[in-house]
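Here is the structure we will look at.
Taken together, the values in this text are just the output of simple stated rules run on the coordinates, not laboratory data. Worth saying up front: this structure is predicted, and the values here are computed from it rather than measured. Every residue, glycine among them, receives a Cβ derived from its backbone with ideal geometry; neighbour counts consider all protein chains shown.
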Amino acid sequence: MSLLLVLVSVFSGTVVGLFALYCYARAERRKVRETMSEAIRARLLDGGKAASFLPEPVSYTVYHNHFAGGLLSAVFDGKRLLPYNVYAVRLHSADAAFNGVRQEWCKAYKPAQLIFGEGPTHATLRAAIHAEHATLYRETGFERVTTGHLRTPSDLCGLLCQGTGDAVDFTYVIMPSGEWRFSPTSSGLVKDALSKHVVHSDAEPAVLYAGEFRLQGDTLVLNNSSGTYSPDKAHFPMLKQLFRANFPSMKVECEVAA
C-alpha cells in the first residue's frame, strides 16, 4: 500500500510539474509577443528608425504556379516556360500602421461595379475570382511552395529577383491581416489577368492599400495604381511607416500613379 502511495505521489508530482512548465512556457511566449508588439509600435511612432532588426523576422510564402501562368503564358503569350510566382509576405502591425483605415472598392470604377454589385451575375463573377485566387495560392501539388523569413532589405531583394522572368513591376495588395500579396505583372495577356488586384485580394471589398511597386536599386518604390481600390495618396505616410517598421534600414518612396 505504501509503495502504491509513493507511485501515486510521484505521478501526481510529475503531472503538476508538467502543467507548471506548460503555464510557464505560455507566459514566456506571451511576454515575447508583447515585447515584439511594443518594439514594432515604437518603430511606427518614430518612422521605423528605432533599430536595425525586428525581434521577429517577416515570414513569407512563394506559390509556384507551373500551369496557371507558367504553361499558359508560354502558350498564349510566347514567354519562356517559367512558373508564375505569387507571394504572400506577412507584415507586422499593418493595421496599427494604418490606424484602422481601409481602402474600399471604388464605386465609380465600372469593372469594380461588375464584381462587387448585387445579383446573381455579380456573385458568379466573384465565385470565378475566388476560384482563380484559390488556384494561385494553393499549397498542394508538385513543388508548390517555398517558405522562409526576411530580416533585411537584401533578403527581400533576393526573394524578388528569383523567378520573375522579364517582369520589373509587381502588382500588390495589403490585406487587413497584414499579408502583403503580390506578383509580377507584364503586358502579356495571361500574367496581366492573373496579377489583378481583385485576384490577389480574393475579391475582398476593402484592403489596407493596393497598387504597384518595384525595386529601384536599394529603394522600394510603391504607388497607388489600382482602379479597383483607388487608394488615397494622402495615406502614403502610413504606407511608408509600415515598410520602414518592418524593414528599418530600407529606403522607401511613394509616388502617385501616372
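Pulled fully out, how much extra length does the chain show between ASP155 and GLU104, if you take 0.36 nm times their separation in residues and subtract their Cα-Cα distance? Walk me through the intermediate numbers first.
Numbers: separation 51, 0.36 × 51 = 18.36 nm, distance 3.15 nm.
Value of the extension gain: 15.2 nm.
Quick check: pseudo-label points 7 Å beyond the Cα along Cα→Cβ at LEU114 and PHE67, how many nm apart are they?
That separation, rounded to one decimal, is 2.6 nm.
In the neighborhood of TYR209, defined by Cβ-to-Cβ distances under 13 Å, what is the net charge if each Lys or Arg adds +1 and each Asp or Glu adds -1? Don't skip to the answer; put the middle values down first.
Details: positive: ARG102, ARG181, LYS233, LYS240; negative: ASP95, GLU104, GLU179, GLU204, GLU212, ASP232.
With Lys, Arg at +1 and Asp, Glu at -1, the net is -2.
In nm, give the distance between the simple-model label positions of GLU56 and THR124, each being 7 Å from the Cα along the Cα-to-Cβ direction.
4.4
Using the Cβ atoms and a cut-off under 13 Å, what net charge is assigned to the surroundings of GLY148, where Lys and Arg are +1 and Asp and Glu are -1? Present the calculation step by step, with values, prior to reporting the outcome.
Working: positive: ARG90, ARG151; negative: ASP155.
Result for the local shell: +1.
Where Lys and Arg each count +1 and Asp and Glu each count -1, what net charge lies around GLY158 among other residues with Cβ under 13 Å from its Cβ? Please list the in-between numbers first.
On the way: positive: ARG151; negative: ASP155, ASP218.
Value of the local net charge: -1.
Non-local amide H neighbours of ASN65 (under 5 Å, H modeled in plane, Pro and chain starts lacking H): which ones?
Those qualifying (amide H under 5 Å, at least 5 residues apart or on another chain) are TYR84, ASN85, VAL86.
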